[in-house]
């Protein structure tokens, strides 16, 4: 359980995450971050720490080219699928591949990747995934017109989720894409 939040500000993607590792009623505060950069990408994952470890340490992301929507839905996702399969993490259920959920930012754009590998880009320029996502989305919406820095907005979203959701816990980690 977790919450990962992201937003676009001045052509840069900012991501943040909590540190909770939850299994049943057991909570472990993890030192390994749920947000990180890999090449020109910023990632924030939920679902499985193993999936995140593979995306962080084993994934060799392709260089973005051409139409970014098309690239993310095809070349990028195909590379993710290969990495997760090679790492022994991808699942197959009723002949359909399943993975996990994560946010990814590249070239000033934020994408959400769902467990069926669909790629979505939020029109609001912000997104959240994980068990605390609805609380975080409310905070991101409420702060959209305030004069806050990206980190302040992300922190407000994480704090709302931490306060109201048992699967979310500080400390918080932050990353952003390069310019």
Rounded to whole Å and sorted largest first, list the principal axis extents of the Cα atoms in segment 44-110. 32, 24, 18
Using a Gaussian network model on the chain with a 10 Å cutoff between Cα atoms, which of 74, 155, 28 fluctuates the most? 28
Ranked highest first by the average count of other Cβ atoms within 10 Å around their residues, in what order do 162-168, 134-140, 3-9, 89-95 fall? 3-9, 134-140, 162-168, 89-95
Please report the spacing between the Cα centers of segment 50-100 and segment 1-33 in Å, no decimals. 20
I'm checking a number: the convex hull volume of the Cα atoms of the chain, normalised per residue, in Å³. What is it? 115
Rounded to two decimals, what is Rg over Rh for segment 7-55 when you use alpha-carbon atoms and the Kirkwood radius? 1.03
Extension gain residue 98-residue 144, at 0.36 nm per residue separation less the Cα-Cα distance, in nm? 13.2 nm
Residue-span extension gain [residue 116 to residue 50] - 0.36 nm each, minus C-alpha spacing: 22.0 nm
Cβ-derived FRET efficiency at R0 41 Å, residue 26 paired with residue 79, nearest 0.05: 0.75
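Any read-out appearing in this document is the output of simple, stated calculations on the displayed coordinates, not a laboratory observation. No experiment lies behind these values; they were computed from the predicted model shown. Quick reminder, even Gly has a Cβ in these numbers, built from the backbone with ideal geometry, and neighbours come from all protein chains shown.
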